[in-house]
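Presented below is the structure to which this report refers.
Just so it is clear, none of the values below were taken in a lab; they were calculated from the coordinates. Computed from a predicted structure; not experimentally measured. Cβ: placed from backbone, ideal geometry, glycine included. Neighbour counts: every protein chain shown.
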Amino acid sequence: MTSANFSEVQTLLEDLDFPAERDHIVAHAEARGAPADSPAVKALRALPPDVYRDISEVRSSVALNDEPPD
């Protein structure tokens, strides 16, 4: 996921009440209409199973790849 795509994650989670567990974060994104196979949901599913205090912790833990593919 690129940092540009992280803006989709931020939009999906803008009204999420933190702290939140990973599974709740994923469910919230899907409830907001994100397809299960979208890059945002895939990145959220890949988060370590933990409780996240805020969007900054999500951003720190989500796999971001700013490098273009080879």
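Overview of results
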| quantity | calculated |
| --- | --- |
| Residues satisfying the stated conditions in the range 16-40, i.e. closer than 17 Å to Asp54 by Cα and of a type in the set (A, V, I, L, M) | Leu16, Ala20, Ile25, Val26, Ala27, Ala29, Ala40 |
| Residues within the range 1-53 that are of a type in the set (Phe, Trp, Tyr) and in contact (Cβ under 8 Å) with a residue 40 or more places away in the chain, tallied | 1 |
